[in-house]
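Notes to accompany the following structure.
Just so you know, all these numbers are worked out from the coordinates, no wet-lab data involved. Just so we're clear, the structure is a prediction, and the values are computed from it rather than from any experiment. Note that we place each Cβ from the backbone using ideal geometry, even for glycine, and neighbour counts take in every protein chain shown.
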Amino acid sequence: MVNLERLSENRVKLVVTVSAEQFDAALDAAFEKVVKDVKVDGFRPGKLPKSIYISRFGWESLYNEAIEIAFQQTYGYAIQEAGVYPTDDPKVELVDPAQIKKGSSFDYTCEVDVWPNVHLGEYKGVKVKKQSTRVLKKEVEAYIENALKGKAENIIKEGAAEMGDTVVIDFEGFVDGVAFEGGKGENYSLELGSNSFIPGFEDQLVGAKSEDAVEVNVTFPENYHADLAGKAAVFKCLVHEVKTKQVPELNDEFVAELEIEGVTTVEQYQEHVKATLKGNKAKASEQQFENDCIEEVLKGSYAEFPQSLIEQAVERNVARLEEQAKPYQVPVEVLLQYYQMGSLEDFKKMSEENVRKEFLQELVFEEIIKLEGIEATEEEIAAKYLEIAGGDESKVKEVKKQYRETQVVFHIKTLKAVELIKANAVTK
């Protein structure tokens with residue numbers, strides 16, 4: 001028997017009754033466990049009869065072990081009966097230690113953090129603005145300009161290097177006059193302005209010509225590898241070639257080289273680009289509409305998550321980040337700076353905000369699915385597994401090992417819930 005008391009939105013107290021029969025069975029299990037280590041003259045370890053053990057040591061010697069066994073056997077059923085989902089280990093206490101004796105029932109209490117109930121806001125009739133899918137002339141021109149640049153060829157340039165040009169160089173780096181590991185390269189093609197080298201390096205090659213020897217003076221960033229961080233360095237460079245980009249003209253010949261079916265002229269290509277951008281905008285608009293619909297539902301909903309749940313999730317994210325940093329042999333803080341994510345504390349704060357939103361979204365969809373009676377058919381489940389397998393029937397069995405059916409079912413139901421929200425949304 002289980003009695004439930006809600007202490008808060010995310011913490012409960014359970015009073016669980018262990019029946020006399022359950023406790024007696026736990027005592028028997030406790031004896032089987034304890035007797036293995038009991039040494040009594042005339043008996044091999046583990047072979048001491050229960051009657052002799054009890055006459056010597058009494059049932060009381062088994063109570064602590066039996067209480068633990070009874071808890072392990074009843075706690076799972078108790079939380080299932082109470083309909084709660086713990087997020088942490090429970091705090092367990094006996095209601096009355098005097099109840100503990102063979103042939104008697106006893107009660108224990110559990111205080112534990114649990115997943116909260118969600119307070120669901122309006123999910124039908126949310127007001128959302130749809131993005132325009134109109135394609136502007138300047139967007140078509142920009143797309144074509146990028147396509148032309150993508151077909152540009154680097155040709156040898158006789159003059160001085162400018163930003164955007166490519167220089168082919170040999171280089172070797174020195175710190176305090178000593179060459180350092182990893183600081184040497186030969187016939188390296190470096191596009192000036194690409195920022196692929198440390199700050200200041202590329203700027204000092206502007207103006208260089210073929211066969212020029214250039215000394216580049218730089219200071220490594222503070223967040224660079226530990227052995228070079230913050231140090232001044234000199235790179236001795238020899239310029240072999242200077243190349244500049246030659247962008248092709250927009251004409252029918254260029255269009256033909258693209259080999260687009262049904263497109264052979266500049267005018268046709270412009271219409272093709274416009275249609276492509278229109279399609280891309282339509283997809284982006286639909287995705288944004290979906291995201292905004294979900295966001296509006298989340299804004300009107302809330303749940304008070306236990307801090308233990310949030311802390312565990314944040315700790316997992318930090319652990320994953322630490323694993324990502326290991327191959328680079330850099331501190332986590334350096335990796336965060338590279339990703340422009342601030343300090344570790346900033347990461348934890350952002351991570352907490354994200355997990356709260358993820359957990360809320362999960363609860364919101366569970367509630368909508370329950371309220372609307374949304375189901376997933378066997379055919380839909382099979383089709384989803386096949387989709388995940390890339391349409392390859394032979395891979396479905398392996399996919400099923402990676403994704404439990406409960407995961408696939410929830411995914412299908414969630415997609416249906418999203419469509420329901422979108423279908424009932426009001427566009428501004």
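Tabulated results
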read-out	value
Flagged links, alpha-carbon separation over 25 Å, of LYS13/LYS50; LYS157/LYS231; LYS348/LYS413; LYS274/LYS299; LYS184/LYS231; LYS281/LYS413	LYS13/LYS50; LYS157/LYS231; LYS348/LYS413; LYS274/LYS299; LYS281/LYS413
Net lengthening on full extension, ILE260/GLU186 (0.36 nm per residue, minus Cα-Cα)	22.7 nm
VAL92 versus LYS33: modelled label distance in nm, points set 7 Å from Cα along the beta carbon direction	0.9
Axial C-alpha extent at least 18 Å, average Kyte-Doolittle at least 0.0 - helices from the chain (DSSP)	20-34, 405-423
Among (i) 1.05; (ii) 1.57; (iii) 1.10, the entry that matches Cα Rg over 2.2 N^0.38 Å as calculated here	(ii)
Taking N as its residue count, the alpha carbon Rg of segment 314-428 over 2.2 N^0.38 Å	1.45
Inter-probe distance in nm under a simple model that places probes 7 Å from Cα toward Cβ, at ARG134 and ARG404	5.1
Separation of alpha-carbon centers, segment 296-346 and segment 67-132, rounded to whole Å	27
Sequence-distant aspartates and glutamates (8 or more away, or on other chains) whose Cα lies within less than 16 Å of LYS245	GLU145, GLU153, GLU158, GLU162, ASP165, GLU191
